[in-house]
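Novice: Shown below is the structure under consideration.
The values are calculated or read from the model by the stated rules, or taken from the named source; none is laboratory data. Remember, predicted model here, so these are calculated numbers, not experimental data. No Cβ is skipped: glycine too gets one built from the backbone with ideal geometry, and neighbour counts run over all protein chains shown.
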Amino acid sequence: MIITSAYIEACLEELNAPKPGNVHIHAAGHRMTVADFTRSAEVSAPLLCRFGARLGERIRDATAATWQAVGQNTNLGILLLCGPLAMAAEHGETPAAVIAASDLEDAQAVFEAIRLAQPGGLGSADRHDVHQPATVTLAAAMAEAADRDSIARQWTNGFADILGPTLTSYAAARLRWPDPSWATLTAFLEFLATCPDSHIQRKHGPAIATSVQHKANSVRDALAACTNPATMLPELLAWDHVLKVKGINPGTSADLTVATAFAWRLGLRFT
């Protein structure tokens, strides 16, 4: 139950943060609402965190439950990130060890989850296409996409982007400000400023993804220097509106943020 509740808490905490371009309590967007994400967290939690279940099974079944509940892809990236984290906490291992122990059966189940979720801009691939039967492990399949997808990269680098400096920044922000939503925003901006968001890049191209990244750098620095982050809310919501009008959604950065909040609750660190 502790892992399950940690997962739900992380999902809900992310929705409280005013993340520009992404769905949150201050504004819906991209034909999705806070209620969609809340329901997705509730129905996916018991399956993703099911004790003793295989990695691929967790992700596939949680994706299916989400799709049945809300009829759209609200959390595939979250599930792909939080599945290994949940198993790592359950078994007292690292996410890298969980991934290394997965096999073709897990890969096939994850391929099924991806096909079911129909993530925007998925397309096809020359090798290890999810529309075909899995012929390699998840580690090998994710390695093919790691250079263009931040979620896949976590599966190849031991979740270093989540469990390293960003987790440290998130933990420090939780100590600095009583409202955890600002720690969540800190992590979100860290991801968005460090690397072009994969979801934006797939849907809108590298130029727009880089432009958003540069803006995130300045907002991140302003937040870090701010004594009272609530004073930044009008600026954040103005940028949020601009992004949503243009259909720009930093969804990958949001998924990584949920995983960071989840890892913090589980006491995981990069090793």
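Novice: How about the stretch 72-106: which of its residues are of a type in the set (G, A, S), over 22 Å from L12 (Cβ atoms) and under 19 Å from the mean Cα position of the chain (by Cα)?
Specialist: Restricting attention to the stretch 72-106, the residues satisfying the condition of being of a type in the set (G, A, S) are 77, 83, 86, 88-89, 92, 96-97, 100-102.
Those left that are additionally over 22 Å from L12 (Cβ atoms): 92, 96-97, 100-102.
Answer for the stretch 72-106, where residues must be of a type in the set (G, A, S), over 22 Å from L12 (Cβ atoms) and under 19 Å from the mean Cα position of the chain (by Cα): just A96.
Novice: While we're on this one: Is it fair to say E144 is among the acidic types (D, E), out of contact with any Gly (no Cβ under 9 Å at 6 or more places or on another chain), farther than 23 Å from C11 by Cβ and part of a helix (DSSP H, G or I)?
Specialist: Answer is yes for this residue.
Novice: With the checklist (1) closer than 22 Å to A183 by Cβ; (2) in contact (Cβ under 8 Å) with a residue 60 or more places away in the chain; (3) part of a helix (DSSP H, G or I) in hand, flag the one item G56 doesn't pass.
Specialist: That leaves (1) as the condition not met.
Novice: Something else: Of the residues in the stretch 216-236, how many are within 21 Å of the chain's Cα centre (by Cα) and under 20 Å from G29 (Cβ atoms)?
Specialist: Count: 3.
Novice: Counting just the residues of the stretch 60-101 that are in a loop (DSSP other than H, G, I, E, B) and of a type in the set (V, I, T), which one comes out surrounded by the most Cβ atoms within 10 Å (Cβ to Cβ)? Show your work before the answer.
Specialist: We begin by selecting, within the stretch 60-101, every residue in a loop (DSSP other than H, G, I, E, B); these are 71-75, 92-94.
In the following step, the residues that additionally are of a type in the set (V, I, T) were identified as 74, 94.
Numbers: T74: 25, T94: 19.
Checked the stretch 60-101; the qualifying residue surrounded by the most Cβ atoms within 10 Å (Cβ to Cβ) is T74.
Novice: So which residues in the stretch 216-240 are assigned to a loop (DSSP other than H, G, I, E, B) and surrounded by fewer than 13 Cβ atoms within 10 Å (Cβ to Cβ)? Reasoning before the result, please.
Specialist: First, pick out the residues of the stretch 216-240 that are assigned to a loop (DSSP other than H, G, I, E, B): 225-228.
A225, T227, N228, listed by residue number.
Novice: In addition: Among the candidates E57, E42, single out the residue that is under 30 Å from K244 (Cα atoms), modelled with pLDDT of 95 or more and of a type in the set (D, E, K, R). Please lay out each step first, then the result.
Specialist: Details: E57 fails: under 30 Å from K244 (Cα atoms).
Of E57, E42, the one residue that is under 30 Å from K244 (Cα atoms), modelled with pLDDT of 95 or more and of a type in the set (D, E, K, R) is E42.
Novice: Taking the stretch 165-215 as the search range and keeping residues that are among the acidic types (D, E) and buried (at least 17 other Cβ atoms within 10 Å of the Cβ), which one is nearest to the chain's Cα centre (by Cα)? Don't jump to the end; show me each part of the working.
Specialist: If we filter the stretch 165-215 for residues that are among the acidic types (D, E), which is where we start, we get 179, 190, 197.
Now drop any that are not buried (at least 17 other Cβ atoms within 10 Å of the Cβ), which leaves 190, 197.
Numbers: E190: 13, D197: 11 Å.
Selected residue: D197.
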